[in-house]
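Here the structure comes first, spelled out in structure tokens, and everything after it is commentary.
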């Protein structure tokens, strides 16, 4: 079952349970998924669906960060994040990221220097895109290239 179908089923269940806040969040997510599919004029891939969910999480997190002091908005954003995270892809932990970095570094004929970080990142990011936080990946690559 695609993520779009799962969101739609969850939204129907939320409507039946009279859970307005959950239904609203799922409705917004479903709208974003369907809009992207309509723009693409084809079914979305799992990676594209995950990217949309992550974008919605990021936008909600930014709203939450800027709304500190407004408890009504903070509560709404926290509730929305809880629902969105149910549909978020499983993120790689630090150990898994390190394993991918080591694999990429092993593919280089000579150990790359700190100046070649861009080359390493260019090889690495397609392998972890959507599965790992880019800031964490950047920091870990920097640690490997310093030593």
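Each value in this text was obtained by applying a stated rule to the coordinates, not by laboratory testing. As the structure is a prediction and not an experimental result, all values here were calculated from the model.
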Most mobile of 60, 103, 25 per a Gaussian network model of the chain (Cα springs, under 10 Å)? 103
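Full extension from residue 136 to residue 86: what is 0.36 nm times the residue separation minus their Cα-Cα distance, to one decimal in nm? Numbers along the way, then the final one.
Numbers: separation 50, 0.36 × 50 = 18.00 nm, distance 2.19 nm.
Result: 15.8 nm gained on full extension.
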Please report, for the Cα atoms of the stretch 1-146, the Rg to one decimal and the Dmax as a whole number; what are they, in angstrom? 18.9, 61
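If you take all C-alpha pairs in the stretch 94-146, what percent of them are over 12 Å apart? Spell out each step's value before the answer.
Working: 817 of 1378 pairs.
Result: 59 percent of Cα pairs exceed 12 Å.
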Report, in degrees rounded to the nearest 10, the 0 to 90 angle that the Cα long axis of helix 71-86 makes with the longest principal axis of the chain. 70
To the nearest 10 degrees, how steep is helix 94-106 against the longest Cα principal axis of the chain, on a 0 to 90 scale? 40
What is the chain's relative contact order, in percent, from Cα pairs under 8 angstrom and six or more apart in sequence? 21
Using only Cα atoms and rounding to the nearest 10 degrees, what angle (0 to 90) does helix 20-40 make with the longest principal axis of the chain? 60
In deg cm²/dmol and to the nearest 500, what is the mean residue ellipticity at 222 nm of the chain if only DSSP H runs of at least 4 residues count, each as -39500 (n - 2.57), divided by the residue total? -24500 deg cm²/dmol
